[in-house]
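Below is one structure, written out as structure tokens; comments come after it.
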Amino acid sequence: METTLEDLTERLIGSYNCCGGINHIDGKNLPSKNAIAEITVDLLRLLFPGFFDEFLIHSSEIHSETLELVGSVLRRLENEVYKSLEYSTPKELENENLKDAAHRLTLKFLGNLPQVRAMLQTDIEAAYEGDPAALSKEEVIVAYPFVEAIAAQRLAHELYLDSVPLIPRIMTEWAHSRTGMDLHPGARIGTHFFVDHCTGTVIGETSVIGNHVKMYQGVGLVAKSLAAGQALRGHKRHPTIQDKVTIYAGATIMGGDTVIGAGSTIGASVFVTSSVPPYSLVIHEAAEAKVIQKRPSGAFELDFQI
Amino acid sequence: METTLEDLTERLIGSYNCCGGINHIDGKNLPSKNAIAEITVDLLRLLFPGFFDEFLIHSSEIHSETLELVGSVLRRLENEVYKSLEYSTPKELENENLKDAAHRLTLKFLGNLPQVRAMLQTDIEAAYEGDPAALSKEEVIVAYPFVEAIAAQRLAHELYLDSVPLIPRIMTEWAHSRTGMDLHPGARIGTHFFVDHCTGTVIGETSVIGNHVKMYQGVGLVAKSLAAGQALRGHKRHPTIQDKVTIYAGATIMGGDTVIGAGSTIGASVFVTSSVPPYSLVIHEAAEAKVIQKRPSGAFELDFQI
Amino acid sequence: METTLEDLTERLIGSYNCCGGINHIDGKNLPSKNAIAEITVDLLRLLFPGFFDEFLIHSSEIHSETLELVGSVLRRLENEVYKSLEYSTPKELENENLKDAAHRLTLKFLGNLPQVRAMLQTDIEAAYEGDPAALSKEEVIVAYPFVEAIAAQRLAHELYLDSVPLIPRIMTEWAHSRTGMDLHPGARIGTHFFVDHCTGTVIGETSVIGNHVKMYQGVGLVAKSLAAGQALRGHKRHPTIQDKVTIYAGATIMGGDTVIGAGSTIGASVFVTSSVPPYSLVIHEAAEAKVIQKRPSGAFELDFQI
């Protein structure tokens, strides 16, 4: 006897009732991942007008276009902020009407966009100065995935500072998916930041990064012991990187007490677990690898056999 | 004399006739990548109702909504399964009508969704317990790319076990593109699995992973010698990871005979090519890197020059 | 007194006037990122007809369908090429009408599609031969992210050779976002190229890669000193990889003078900064990591504490 659609549906609904993982069925509901992705794209349009659109804006229209977009973002973001505050109300808002709080926090956030733009201009400058393959700052904005990642992080960080739950992380994970770089919204990042190539770079929640810091793909600023899990919430678990530090591809820097002194350079694939003084150069003791001569007999015959 | 559109078209069609790389022109046709991406998204909606939608579902509607979505997924997936079986018929189905087989296998697959949900609940639990940055299990579902990756793998693994060609790999590559993590549908993965940050982690086809295993970004469970290529198909080429193992960022574990004993910890960037007993801690002999003092004269002047 | 939408808009427009990062307000305008993404998708459809579509094409329709798609791509790409030439005119085109130049270069580009197809067939062959998990060349095309990445690079490389600004990089960054692999449009890549898993692999602008080269995830072909930044533009900064070289996961090869001799194998996570002769096997001197026995008392209690 064949399974019917009705059977399949009943089994699934039975599973919903017993195993969790359901959102907003007659309960409080989470902010929408899709809505936040769309809002983030519109925030990027406000930060870099004209870069992601297919049609031109003339200066006679810039005021009305901006007014309309700001209004639309305000309305939609306020709604998502309200849902997130209702889902998990921060202590400092317990005595405020949450609709009012959502409106107030969203207005404050949008009022900070000019400062976020000013920070991002320093990042774009750093990217252009640091990469000989960059033709112009415009190319950096229109083509470099780094710009999406750092813009999303700097936006999300503003909401994070105001204790808005969920939305900051959804914003940075949107960028993570598009760029392969995982910048936590909690990280405090100075001016003139640049990560070349992006993929695989991970910067943890409590990292502190100075000005003029440059990184490459696959860098990790990570926590030391993670076995304790949730018990570590709120502690500084990730390193501090002072001004003018360069960190090459694949290097891992670990621990909340680890400080990389100003002007230091961390070599590729190095694993650093304690502080180094300013102007250090940290490389592998045995940076040279062993070279063995193979018999030159046909292409892949003598391939790698460990 | 200018090249015309007609010239360009003739040249391309000439190239189609001689050089391959064409799908379904009067022949058997492959399943559609786009259709499978959309089906996978709808399967995620069935696994986590309400998490990816913008509008609420009330409990009075949950039955009819679920029934409709299950019906739609059944019809579309069955069609793709049929195309993939027709394209490359598994031995065990050679004597069955392929339309019937596609219907039967798709029904079986959908009937297993509650078990897949139960497995995924253990993964979400592990993610929440293991990451101090996680605020709640709901945040894990709505924001963590890991959930998309492991859900796609567990779904694809069901089809892989039933020898459905092509579709499982298209499903996991959809998630790979979104998360940077490449989990092969063939890998056997136990309960309470978690990979933090995801990007760059690669788990090969014949890997076997126990329960409560935790990994970080950039981990590889890979095959030893790949020079033999297609000749190795069907052999166990990837390692076995026993229960309660933790593998830090960038570690590579190689080979089908390699077994990482239960309760072991593999340090960051370690390269393991043979088995280790239970409760081992594997780290680099020379974990400490060399620190050289640079002359503190101006920012980048003394930069890294190898 | 509450901030109004008008206030927010005025502040943003004030920021536009002082801080840059605006595109095409009554000035020259950049090519559109979205338009180029859509054109790239359509170019993939021309390269691999039927692979990404949901509906079949019959051979009676292939001519008219191809003619229409070629015409549409010509018109749209020509428009973007014109914008990019106007934005930053290459020296060799300074005396040509830019609309004519855009038309001429776009026609030339489309006329080269058959050669690009022929190159890509060798890559697909290499992917199929080299990966025991691949069931067929069709599976490689439809499921492997590598195909998108190398197709976008080979297309972009044609435009790069003709000094078209911006568009090549936007094309490869589109693929970078989807695959996690950053192949610069400037890299010269031989036949039968394959990168397994892709994520994290970075190949710089002036890299030269021979035929039958195979790589894994996380490989970097990178520049030696990057402190000089823009001053290095135009120099060969990235390595040369000769024929039949295999480079395992996470290896970094650095510097414009570094040549990896034909038939060599570079082990996982190795860091190579000088040339090696043909048929070399390069591995870590201390490939073996230290194994310490932990006390087997309960799961994570004795976890990694550095």
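Taking every residue in C:66-76 and counting other chain Cβ atoms within 10 Å of its Cβ, the average works out to 3.
Using a probe of 1.4 angstrom and keeping all protein chains present, the accessible surface of chain B works out to 36 square angstrom per residue. Highest mobility in the GNM of chain C, judged by mean-square fluctuation with C-alpha springs under 10 Å and restricted to C:71, C:200, C:180, is found for C:71. Of the residues B:11, C:45, the one with the largest accessible area comes first in the ranking B:11, C:45, computed with a 1.4 Å probe on protein heavy atoms.
Only helical runs count toward this figure. For chain C, summing -39,500 (n - 2.57) over DSSP H runs of n ≥ 4 and dividing by all residues gives -14000 deg cm²/dmol at 222 nm. Need one word for the range C:73-147: rounded, prolate or oblate. Basis is the Cα gyration tensor (sqrt eigenvalues a ≥ b ≥ c); a/c below 1.5 gives rounded, then a/b vs b/c decides. The shape class here is prolate.
For the range C:11-181, averaging the sequence separation of C-alpha pairs within contact (under 8 Å, six or more residues apart) and dividing by the residue count gives a relative contact order of 25 percent.
Relative to the first principal axis of the alpha-carbon coordinates of chain C, what is the inclination of helix C:5-19, with its axis defined by its Cα atoms, in degrees from 0 to 90 and to the nearest 10? Its long axis makes an angle of about 80 degrees.
When the trypsin sites (Lys or Arg not before Pro) in the range C:231-272 are filtered for DSSP coil states and for at most 16 other beta-carbon atoms within 10 Å of their beta-carbon, the remaining sites are C:233, C:236.
Computed over chain B with a Gaussian network model linking Cα atoms closer than 10 Å, the most mobile of B:123, B:100, B:53 is B:53.
Each 10 Å bin from 0 upward holds the following percent of the Cα-Cα pairs of the range A:11-181: 9, 33, 32, 17, 7, 2. Loop-located GluC sites (Glu not before Pro) across the range B:76-109 with a Cβ neighbour count of 15 or fewer within 10 Å are B:94, B:96, with loop assigned by DSSP. Note on chain B: with a GNM built from Cα contacts shorter than 10 Å, the maximum mean-square fluctuation among B:135, B:155, B:69 falls on B:135.
Rg over Rh for the protein assembly as shown works out to 0.94, using Cα positions for both radii and the Kirkwood form for Rh. Lysine pairs in the range B:11-181 whose alpha-carbon atoms fall under 28 angstrom of each other, counting only those eight or more residues apart or on distinct chains, come to 14. Counting, for every residue in B:242-252, the Cβ atoms of other protein chains within 10 Å of its Cβ and taking the mean gives 5. Less than 14 Å Cβ to Cβ from residue B:12, Lys/Arg counted +1 and Asp/Glu -1: what total charge do the surrounding residues give? Overall, the nearby charge balance is -3.
Note the buried accessible area between A and C here, summed over both chains, with a 1.4 Å probe, in Å² to the nearest 100.
Summing both chains' loss of accessible area gives about 6900 Å².
To the nearest whole number, what is the average tally of beta carbon atoms from other chains within 10 Å of the beta carbons of peptide B:206-216?
Across B:206-216, the average partner-chain Cβ count within 10 Å equals 1.
Neighbours of residue B:74, meaning other residues whose beta-carbon lies under 13 angstrom from its beta-carbon, give a summed charge of -3 when Lys and Arg score +1 and Asp and Glu score -1.
To the nearest 20 debye, what charge dipole does the protein assembly as shown have about its Cα centre, counting +1 at the Cβ of each Lys and Arg and -1 at the Cβ of each Asp and Glu?
Around 2780 debye, computed over the protein assembly as shown.
Other residues with beta-carbon under 12 Å from the beta-carbon of residue A:157 carry, at +1 per Lys or Arg and -1 per Asp or Glu, a net charge of 0. Across chain C, C-alpha contacts under 8 Å between residues 6 or more apart give a mean separation that, scaled by the residue count, equals a relative contact order of 10 percent. In the protein assembly as shown, taking the dipole from charged Cβ atoms about the Cα centre, the farthest positive-side position among C:105, B:14, C:184 is held by C:184. Label points for residue C:18 are taken 7 Å from Cα along Cα→Cβ. From this copy to the others they lie 6.3, 6.3 nm apart, shortest first.
The values are calculated or read from the model by the stated rules, or taken from the named source; none is laboratory data. The structure presented is a predicted model; accordingly, all values stated were derived computationally and were not measured. As a convention, Cβ positions derive from the backbone with ideal geometry for all residues, glycine included, and neighbour counts pool all protein chains shown. Accessible surface is based on the protein model in full, side chains and every heavy atom, while ligands, DNA and RNA are left aside. Shrake-Rupley method; radii C 1.70, N 1.55, O 1.52, S 1.80 Å.
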